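A quick write-up on the structure given underneath.
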Amino acid sequence: FLPLFLARDIFPENRLHRLHREKQIGSAMAPCGEKSQEAISSVVIIIAMQTEAMPLVNKFELKEDQDSVFPEGVPWVRYHGTYKDLHLNIIWPGKDTSLVPMDTNGTDIDVVGHTCTQQEYEIHDLFFANLNLILSEVDSVGTISASLVTYASIQALKPDLIINAGTAGGFKAKGASIGDVFLISDVAFHDRRIPIPVFDLYGVGQRQAFSTPNLLRELNLKVCKLSTGDSLDMSSQDETSITANDATIKDMEGAAVAYVADLFKVPAIFVKAVTDLVDGDKPTAEEFMQNLVAVTAALEQSVSQVIDFINGKRFSEL
């Protein structure tokens, strides 16, 4: 073990960064041994929001697992079934039921009498049909839930491949538009700031997605780098880090899924659809809610095409 102060003296900082990048490139997610020569048979799709998951659940006619493979008490939901030659699992972290609606004074809100619009019903999935009642539940988004369900899914299901699918914010300055669907080449964090040599690289956590040149060519998908953080909005410090990551889009789960997949050497690919422009004219949250349903339909179409392409192929053919 080389103390940091000695490492700094022996290796200039740019040398340390270059060594780290070379290590990351050399350890890009890839199947090992005999698995690389076998047809892919088991796929886990990690999705943060129920609204994003359900179109795919319906498309592939998957069923919710009534006998959970996950620890007792967790809200994580598994939909599974067979599609062509693939056993598909869609894992959604479920809803956090611990929250109670309150007003700004901390008083419980009387939600009786609220009339929700059709868009609210479709987007939030938080309303019972024909009932004047709001459920105090939200999707368990973010890196913590994403890490946990990815770990649990690998342990319980032993997938050949992980797909992290979901929505993201895009940067129009980098060429992103609402409704664009991207295949991700690299992922990194933008809110883990540790200003100490080497620890800073750990904080960024840059990793490469599994390379799929044939998939990319066949489906003609756009490619970009993804930056991940636990906030929907973007602080000035986040912006600096995202720029350093050379990211075209930002989300709240991708780099966390990549970290866990890399630990267990499970190949992972990332498909993200743009709901909002972070550097656009509209508030991020407003634009996200406005476009979520339509963009989720585009995401479903692209992920379906990815699954169809993967079916019957070996990793070397992707």
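The values are calculated or read from the model by the stated rules, or taken from the named source; none is laboratory data. Given the structure is predicted, the values throughout are model-derived calculations rather than measurements. Note that each Cβ is placed from the backbone with ideal geometry, even for glycine, and that neighbours are counted across all protein chains shown.
Brief remarks follow.
This table checks each residue for (1) touching a Pro at 6+ places or on another chain (Cβ under 9 Å); (2) under 25 Å from THR150 (Cα atoms); (3) not small (Gly, Ala, Ser).
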residue	(1), (2), (3)
SER235	no, no, no
ASN245	no, yes, yes
LYS250	no, yes, yes
GLY254	no, yes, no
PHE270	no, yes, yes
VAL274	no, yes, yes
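- Given (1) at pLDDT below 95; (2) surrounded by 16 or more Cβ atoms within 10 Å (Cβ to Cβ); (3) not aliphatic (A, V, I, L, M), index of the condition PHE182 fails: (1)
- Matching residues, region 264-283, being touching a Lys or Arg at 6+ places or on another chain (Cβ under 8 Å) and among the acidic types (Asp, Glu): ASP276, ASP279
- For region 164-178, a residue qualifies if it is buried (at least 19 other Cβ atoms within 10 Å of the Cβ), among the aliphatic types (A, V, I, L, M) and out of contact with any helix residue (DSSP H, G or I) (no Cβ under 7 Å at 6 or more places or on another chain), and the qualifying residues are ALA168, ALA176.
- Residue check for PHE288: farther than 21 Å from TYR151 by Cβ and surrounded by 15 or more Cβ atoms within 10 Å (Cβ to Cβ): yes
- Of the set (1) surrounded by 20 or more Cβ atoms within 10 Å (Cβ to Cβ); (2) without any contact (Cβ under 8 Å) to a residue 24 or more places away in the chain, all apply to ASP200 but (1).
- Check on SER231, hydroxyl-bearing (Ser, Thr, Tyr), modelled with pLDDT under 95 and within 17 Å of the chain's Cα centre (by Cα): yes
- Against the conditions (1) within 17 Å of ALA298 (Cα to Cα); (2) modelled with pLDDT under 95, ASP238 satisfies every one except (1).
- Sole residue being crowded, with 18+ Cβ neighbours inside 10 Å and either more than 17 Å from the chain's Cα centre (by Cα) or without any contact (Cβ under 8 Å) to a residue 24 or more places away in the chain (or both), chosen from ASP251, ASP238: ASP238
- The number of residues in region 291-301 that are more than 17 Å from MET252 (Cβ to Cβ) and crowded, with 20+ Cβ neighbours inside 10 Å comes to 1.
- Among the candidates PHE309, PHE270, residue that is out of contact with any strand residue (DSSP E or B) (no Cβ under 7 Å at 6 or more places or on another chain) and either farther than 18 Å from THR51 by Cβ or surrounded by fewer than 20 Cβ atoms within 10 Å (Cβ to Cβ) (or both): PHE309
- Cβ-Cβ under 6 Å pairs, at least 6 apart or on other chains, region 209-233 side in contact (Cβ under 8 Å) with a residue 12 or more places away in the chain and of a type in the set (Gly, Ala, Ser), far side assigned to a loop (DSSP other than H, G, I, E, B) and surrounded by 16 or more Cβ atoms within 10 Å (Cβ to Cβ): SER227/HIS190; SER227/ASN245; SER227/ALA247; GLY229/HIS190; GLY229/ASP191
- Scan region 72-86 for residues that are under 22 Å from GLY312 (Cβ atoms) and surrounded by fewer than 17 Cβ atoms within 10 Å (Cβ to Cβ) and the total you get is 5.
- Subset of region 136-154 that is outside any helix (DSSP H, G or I) and not charged (D, E, K, R) - its residue that is farthest from LYS95 (Cα to Cα): GLY142
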